[in-house]
Amino acid sequence: MSNKSARRHDPYAVLRLPEFRLYISARLCITLAMQIQAVIVGWQIYDITKDALSLGLIGLAEAIPSIFVSLYAGYVADTVPRKKIIVVVMAVLLLCSLALLFFTLDISNVLMRYGVVPIYLIIFLSGIARGFMGPAVFSFMPQLVANKQLYSNAITWSSTTWQAASLVGPAIGGLVYGFYNITAAYALDALLVLLAFTFFAMIRSKPLPENINPQNMKESLRTGIKFVFGNQLILNAISLDMFAVLFGGAVALLPIYASDILLIGPQGLGFLRAAPAVGSVIMAVWMAYHPITVKAGKIMLWCVAGFGVSLILFGLSTSFWVSLVLLILSGAFDSISVIIRSTLLHTFTPEYMKGRVSSVNSIFVGSSNEIGAFRAGLMAKLMGAVPSVVLGGVITLAVVGITALKADKLRKLDLSPDTEAA
């Protein structure tokens, strides 16, 4: 970037928009809530069952409904005002959080009678809600940013907010659970969802972008799928992240590392869960000042490879501090990949199709987090936690190598302002 271009770049440009500030405030609260809830649910279920597979089933319970509704959710996001969808979703997530809180009260004997099944049912319902939330939030954000030149800046700050919440959320969840009790932790979770609902409700509704080719639901879904699979650049980018997340995810097994390998308890689990976000926040803030444009594709590939190496070393580590540093590095590498992929999707996808494209992306990448958690839990059940994490990292490196050889357009991707989509 030239000195003249650097002077023109305003890293805070999108933060000057009042509605975008409300948006990231809501995103902060809902992400904090989800991270706190994830830590509590993971520790609670493992504490009850002492079974690695039960941790994987948490991800599966959320992924199945999310995948099932994703395509329809994308169609809805392109045909129904996005704010309306988001507000309804927030209400459902609030009910889920209140239900989990209710299960911990003395007057409730639900868990004593039915074990962890009610928790899985609540996670299943929240999976449906999150399946609708992804496409709606993805396609709503650009409506708050009129200038396309600010997309990268908006994505960077949105990602920074998400990562910051992912940084402090697990630590808060672990500390509140460890030093107070599970009821207090779930109460905080519910309060944060309520705040997210309030912030989203304060944003004015936006009209849907004009659809130049109105279609019925079946044709509309087919068009969205065809767009993704017909665009080599987008398909390769989301496929790379899908396999990296599917095989490289170790987060689901952190309760085992905290309890049985590193011996650090629920407080330490909170810090392990927060560690990837430390790296992500640092990297995302750096990218707000130094956006990656030139050779973005090659940088993305190298960063996914770095993510895989970090996880292999983490899997082998028996030191809390070494493990913490490696998780921080994995988060830094992942942050670069996520921001580049998100910028690519927003830049090369028509406004009226963003809900459907986001839903396909959600199936590829979003649900891979949960399916990856199940994969990790199942492999840990069969071969142990350490081999599961190490093998996942090795497969991630193999995926990067194959993608680098086969995906020419992604390898040559350049996001400079004067570069047009291929």
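Read-outs: derived from the displayed coordinates by stated rules, not from any lab. Being a predicted model, the structure only gives us computed values, none of them experimental. Positions of Cβ are generated from backbone atoms using ideal geometry, with glycine treated the same way; all protein chains shown enter the neighbour counts.
Residue by residue through region 180-186, what is 3J(HN,Hα) from phi via Karplus (6.51 cos²θ - 1.76 cosθ + 1.60, θ = phi - 60°)? Round to whole Hz and write x for glycine and proline.
10, 6, 5, 5, 5, 5, 5
Assuming a ≥ b ≥ c are the square roots of the Cα gyration tensor eigenvalues, decide whether region 21-148 counts as rounded (a/c under 1.5), prolate (otherwise, with a/b larger than b/c) or oblate. Please report the intermediate quantities before stating the final value.
On the way: a/c = 2.35, a/b = 1.99, b/c = 1.18.
Cα axes put region 21-148 in the prolate bin.
Give the label of the value calculated from the structure for mean projected area of the Cα convex hull in nm², choosing from [x] 23.0; [y] 21.4; [z] 19.5.
[z]
Rounded, prolate or oblate, given the Cα gyration tensor of region 251-317, with a/c below 1.5 counting as rounded? Walk me through the numbers on the way to the answer.
Values: a/c = 4.47, a/b = 1.95, b/c = 2.29.
Oblate, because a/c is 1.5 or more while a/b does not exceed b/c.
Spelling out what I want: for every residue of region 278-294, take phi, set θ = phi - 60°, compute 6.51 cos²θ - 1.76 cosθ + 1.60 (Karplus), and round to whole Hz; glycine and proline get x.
4, x, 5, 5, 4, 5, 5, 5, 4, 6, 5, 8, 10, x, 8, 10, 5
Taking the Cα of THR318, stepping 7 Å toward and past its beta carbon, and measuring to each backbone N in region 239-283: which are under 16 Å?
Residues 257-264 qualify, since their backbone N sits under 16 Å from the label point.
With each label point set 7 Å from Cα along the Cα-Cβ vector, what nm distance links LEU378 and GLN267?
3.8 nm
Once you put a point 7 Å from the Cα of ALA146 and another 7 Å from the Cα of TYR72, both along the Cβ direction, what distance in nm separates them?
3.7 nm
Got a sec to turn the phi values of region 388-402 into Karplus ³J(HN,Hα) couplings, 6.51 cos²θ - 1.76 cosθ + 1.60 with θ = phi - 60°, whole Hz, x for Gly and Pro?
4, 5, 5, 4, x, x, 5, 5, 4, 4, 5, 4, 4, x, 5
May I ask you to compute the full-extension gain from THR347 to THR79, defined as 0.36 nm times their residue separation minus their alpha-carbon distance, rounded to one decimal in nm?
Values: separation 268, 0.36 × 268 = 96.48 nm, distance 2.07 nm.
94.4 nm is the gain from fully extending THR347 to THR79.
For LEU95 and LYS412 in one chain, what is 0.36 nm times their gap in residues minus the Cα-Cα distance, to one decimal in nm? Can you show the working numbers first?
Details: separation 317, 0.36 × 317 = 114.12 nm, distance 4.61 nm.
Stretched out fully, the LEU95 to LYS412 stretch lengthens by 109.5 nm.
As a check on your grasp of the helix formula, calculate [θ] at 222 nm for the chain: sum -39500 (n - 2.57) over DSSP H runs of n ≥ 4, divide by the residue count, round to the nearest 500. Write down the numbers at each step before the final one.
Numbers: 17 runs with 325 residues, N = 422.
So the helix-based figure for the chain works out to -26500 deg cm²/dmol.
For a quick check: sort ARG375, ARG130 by the number of other beta carbons within 10 angstrom, fewest at the front. Working shown, then result.
Numbers: ARG375 21, ARG130 28.
Least to most surrounded, the residues fall as ARG375, ARG130.
Quick one: length gained pulling SER239 to LEU391 fully straight, 0.36 nm per residue minus the C-alpha distance? Don't jump to the answer; show the numbers that get you there.
On the way: separation 152, 0.36 × 152 = 54.72 nm, distance 1.91 nm.
Using 0.36 nm per residue and subtracting the Cα-Cα distance, I get 52.8 nm.
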